[in-house]
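The values are calculated or read from the model by the stated rules, or taken from the named source; none is laboratory data. Computed from a predicted structure; not experimentally measured. Every residue, glycine as well, gets a Cβ built from its backbone with ideal geometry; the counts of neighbours run over all protein chains shown. The protein model used for the area step is the full one, side chains on, heavy atoms only, and it has no ligands, DNA or RNA in it. Shrake-Rupley method; radii C 1.70, N 1.55, O 1.52, S 1.80 Å.
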Amino acid sequence: ETGVTQSPTHLIKTRGQQVTLRCSSQSGHNTVSWYQQALGQGPQFIFQYYREEENGRGNFPPRFSGLQFPNYSSELNVNALELDDSALYLCASSWRAGGSETQYFGPGTRLLVL
Amino acid sequence: QQQVKQSPQSLIVQKGGISIINCAYENTAFDYFPWYQQFPGKGPALLIAIRPDVSEKKEGRFTISFNKSAKQFSLHIMDSQPGDSATYFCAASTIGGATNKLIFGTGTLLAVQP
């Protein structure tokens with residue numbers, strides 16, 4: 001059983017650029033959630049994908065968008081990058097069956113916006 | 001009402017001692033309370049979790065104590081070891097809701113001195 005994987009591990013962008021982060025869910029999981037973790041803070045929920053549709057969103061602007069593919073992998077896209085977008089972006093997968101429970105996190109993508 | 005408050009912010013414990021981290025919540029709809037352990041440069045890893053129908057759950061050296069009436073829960077690490085040095089996050093969510101998003105505390109940086 002493979003765990004949650006994310007790519008790339010690190011990324012440097014400049015303000016105004018666009019970025020795409022990728023996540024492969026753990027084998028057997030059908031739900032993917034994305035979180036943003038600023039330095040020294042707890043992860044903040046961005047959104048969740050289930051059956052290839054957004055299934056809940058946190059307090060993040062529309063320039064944060066995502067996709068889920070038929071194999072349950074997912075992408076997080078951020079447009080018009082701002083300096084405050086610098087953070088660790090975490091993907092978590094889970095199995096939604098009558099209410100998903102345990103979320104398993106990947107190692108994250110460290111994004112630095114200059 | 002969506003917040004989870006965590007204390008202390010940092011904790012220093014001698015090897016073999018007991019580490020105690022506390023969390024409090026307001027939203028009575030929360031019904032799943034996991035603890036995550038995070039090492040530098042890594043994603044959070046699930047340590048132990050509890051549902052509100054029990055007051056205590058123990059797994060090895062890790063114990064969650066849950067007080068539903070006070071809306072508080074805590075993590076106890078018995079016989080703390082230097083390898084336990086990490087950041088610990090409590091979290092809360094609502095199982096079966098439209099979105100099983102995790103609301104995280106702000107984290108506790110634990111240092112276990114040899």
- Of A:Leu90, A:Leu83, which residue is touching a Pro at 6+ places or on another chain (Cβ under 7 Å) and either more than 27 Å from B:Gly107 (Cα to Cα) or not aromatic (Phe, Trp, Tyr) (or both)? A:Leu90
- Message: Considering only residues that are touching a Cys at 6+ places or on another chain (Cβ under 9 Å) and open to solvent by 30 Å² or more (accessible area, probe 1.4 Å), which ones fall in the stretch B:42-98?
- Response: B:Gln72
- Within the stretch A:79-89, can one find any residue that is under 20 Å from A:Pro8 (Cβ atoms) and within 12 Å of chain B (Cβ to nearest Cβ)? yes
- Are any residues in the stretch A:9-32 open to solvent by less than 20 Å² (accessible area, probe 1.4 Å) and farther than 20 Å from A:Glu53 by Cβ, and if so, which ones? A:Val19
- Considering each residue of the stretch B:18-40, count those that are farther than 19 Å from B:Arg61 by Cβ and of a type in the set (Ser, Thr, Tyr), and give that number. 3
- Query: For the stretch B:15-22, does any single residue satisfy the condition of being in contact with a helix residue (DSSP H, G or I) (Cβ under 8 Å, 6 or more places away or on another chain) and either open to solvent by 40 Å² or more (accessible area, probe 1.4 Å) or within 11 Å of chain A (Cβ to nearest Cβ) (or both)?
  - Reply: yes
- Note on the structure: Among (1) open to solvent by 80 Å² or more (accessible area, probe 1.4 Å); (2) more than 21 Å from A:Gln36 (Cα to Cα); (3) free of Cβ contacts under 8 Å to residues at least 40 places away in the same chain, B:Thr28 falls short only on (3)
- Message: I need the full set of residues from the stretch A:20-36 which are under 24 Å from A:Ser86 (Cβ atoms), within 11 Å of chain B (Cβ to nearest Cβ) and among the hydroxyl-bearing types (Ser, Thr, Tyr), in order please.
- Response: A:Ser33, A:Tyr35
- Just wondering, is there one or more residues in the stretch A:54-65 that are away from every other protein chain (no Cβ under 11 Å), farther than 13 Å from A:Ala92 by Cβ, open to solvent by less than 20 Å² (accessible area, probe 1.4 Å) and free of Cβ contacts under 8 Å to residues at least 40 places away in the same chain? yes
- Query: In the stretch A:35-49, is there at least one residue being open to solvent by 20 Å² or more (accessible area, probe 1.4 Å), within 22 Å of A:Thr5 (Cβ to Cβ) and either hydrophobic (A, V, I, L, M, F, W, C) or assigned to a loop (DSSP other than H, G, I, E, B) (or both)?
  - Reply: no
